[in-house]
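Structure first, commentary second.
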């Protein structure tokens, strides 16, 4: 498993378990899993591997 935490205010968290990868956006995302990929080879993720994507939120839930 690999976790990449992009710490900028507009960053995101990427979690890669091998065949499954998901992204959680810090701001402007859907609030939970923003993009979910499933790769047959477990190595390379392309737009064809995208199996779910959240709608973008105009305003974040909280600005605290």
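Quick note: the coordinates plus some simple rules give every number you see, no bench work behind them. The shown structure was predicted, so the numbers you read here are calculated from the model rather than taken from an experiment.
Between residue 13 and residue 32, what length in nm is gained on full extension when 0.36 nm per residue of separation is reduced by their alpha carbon distance?
Working: separation 19, 0.36 × 19 = 6.84 nm, distance 1.09 nm.
Once the chain is fully extended between residue 13 and residue 32, it gains 5.8 nm.
Starting from 0.36 nm per residue, how many nanometres of slack lie between residue 6 and residue 46 once their C-alpha separation is accounted for?
Residue separation times 0.36 nm, minus the Cα-Cα distance, leaves 12.4 nm.
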inquiry  = With a cut-off of 8 Å between alpha carbons and a minimum separation of six or more residues, what is the relative contact order of the stretch 2-53 in percent?
reply    = 25
